[in-house]
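The values are calculated or read from the model by the stated rules, or taken from the named source; none is laboratory data. Owing to the predicted nature of the structure, the values given are computational and were not obtained by experimental measurement. Cβ sites come from the backbone with ideal geometry, for glycine too, and all protein chains shown count toward neighbours. To get the accessible areas, we keep the full protein, side chains included, count just its heavy atoms, and leave off ligands, DNA and RNA. Shrake-Rupley method; radii C 1.70, N 1.55, O 1.52, S 1.80 Å.
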Amino acid sequence: MEGDNPMLQRSNSSIEVEKLQEILVSLGYKLKIDGDFGLLTEIVVKDFQRHAGLVIDGIVGPKTKAVLASYDARTFCPEVFEEVLGIENNTDQQIEKAMRYGFVGLGSIFNQVCRKYSYRWSHAVARGALESAWHTSKISVSKNNIFGFMAYDSSPFASAKRFKSPQASIEFWIPWMIKNYLSKTGKYYNGNSEYGINQKYSTSPIAGISVGFLIRSIRESLLVRDLRQKAKIKNE
């Protein structure tokens, strides 16, 4: 991405911006490749910088360009491209250890429903955590709607569906998601991955990546807890 202007930032329009957008899309972000460095491109650049440990200024200078060049789909956030449908062999107790805030107590429910429909529980938990801030958002707490179902941008709270319990929300959403987003005959099918889901599920250009990094965080937390437990048993 070299050119007369080494810095790419908001309001730029060039072939270099188009190349930048192509790279960001290849990493899992959702962007229109049009060569215009608009608000959405800036949001994505800042998100990349945050995950890469860079200064978050939305400007693509030499350092950001170099770090971008060091990543690809396999090394930045591979979780966003992995298959959502499948079974993860974790116990209720293990999954419960990954629950936070308002999700505490829902580990067995996620495991039960995800196993029934062959949906990876880490993906379901991460999507719900993103949409509901771990069941602490107003919509989630007031309506037990932990996936933001029908929370349209124009009227998120008013339009969001109400469920009788968080469990009911999970039991409804997972088969609905499979039917509409993850089945090849689904109305919004774009592939069996968080990247594919995000093409239609959210207006946010970073939602798929956000879910991907949440999945990583959830899995790492389980690994850390397991290592601590093993160390504790060894020292007793």
Would you be so kind as to identify which of Leu20, Val60, Thr75 lies farthest towards the positive end of the dipole of the stretch 1-126, taking Lys and Arg as +1 and Asp and Glu as -1 on Cβ and the Cα centre as origin? Thr75
DSSP-assigned coil residues among GluC sites (Glu not before Pro) in the stretch 1-91, each with at most 13 further Cβ atoms within 10 Å: Glu2, Glu83
For the stretch 72-82, take each phi angle, set θ = phi - 60°, evaluate the Karplus expression 6.51 cos²θ - 1.76 cosθ + 1.60, and give the result in whole Hz per residue in order, putting x for glycine and proline. 9, 4, 7, 10, 7, 8, x, 4, 6, 9, 6
Over the chain, what is the relative contact order in percent, taking alpha-carbon pairs closer than 8 angstrom and at least six residues apart? 19 percent
How much length would be gained if the chain were fully extended between Asp92 and Phe172, taking 0.36 nm per residue of separation minus their Cα-Cα distance, in nm to one decimal? 26.8 nm
May I ask you to derive the FRET efficiency for Ala66 and Ser142 from their Cβ-Cβ distance with R0 = 41 Å, giving the value to the nearest 0.05? 0.35
With each label point set 7 Å from Cα along the Cα-Cβ vector, what nm distance links Tyr152 and Asn180? 1.2 nm
Would you indicate which of [x] 46; [y] 6; [z] 23 is the value of percent of Cα pairs over 34 Å apart derived from the coordinates of this structure? [z]
Measure off, as a whole percent, the carbon and sulfur share of the 1.4 Å-probe accessible area of the chain, all protein chains present. 52 percent
Once you charge only the Cβ atoms, +1 for Lys and Arg and -1 for Asp and Glu, what is the size of the charge dipole of the stretch 15-148 about its Cα centre, to the nearest 20 debye? 480 debye
Scan the stretch 51-101 for trypsin sites (Lys or Arg not before Pro) in coil per DSSP, keeping those whose Cβ has at most 10 other Cβ atoms within 10 Å, and list them by number. Arg74
Please identify the trypsin sites (Lys or Arg not before Pro) of the stretch 121-198 that satisfy two criteria: DSSP loop assignment and at most 11 other Cβ atoms within 10 Å. Which are they? Lys164, Lys184, Lys187
Set Lys and Arg Cβ to +1 and Asp and Glu Cβ to -1, take the dipole of the chain about its Cα centre, and tell me which of Pro205, Gln167, Gly128 lies farthest positive. Gln167
I need the calculated FRET efficiency for the pair Ile33 and Ser165, taking r as the beta carbon distance and R₀ as 25 Å, to the nearest 0.05. 0.05
Accessible area (Å², per residue) of the stretch 9-91, counting only protein heavy atoms and a probe of 1.4 Å: 50 Å²
So what is the calculated 222 nm ellipticity per residue for the chain, using -39500 (n - 2.57) for each DSSP H run with n of 4 or more, over all residues, to the nearest 500 deg cm²/dmol? -16000 deg cm²/dmol
In Å², and per residue, what accessible area does the stretch 92-236 have when probed at 1.4 Å with the other protein chains present? 50 Å²
Report, in debye and to the nearest 20, how large the dipole of the chain comes out about its Cα centre when Lys and Arg carry +1 and Asp and Glu carry -1 on their Cβ. 1080 debye
I'd like the FRET efficiency for Lys187 and Arg74, computed as 1/(1 + (r/R0)^6) with the beta carbon distance as r and R0 of 35 Å, rounded to 0.05. 0.70
Given axes a ≥ b ≥ c from the Cα gyration tensor, I'd like to know whether the stretch 164-208 is rounded (a/c under 1.5), prolate (a/b larger than b/c) or oblate. oblate
Whole-Hz Karplus couplings 3J(HN,Hα) for the stretch 182-196, θ = phi - 60° and coefficients 6.51, -1.76, 1.60, Gly and Pro as x, run 10, 8, 4, 8, x, 4, 10, 5, 9, x, 8, 7, 5, 4, x
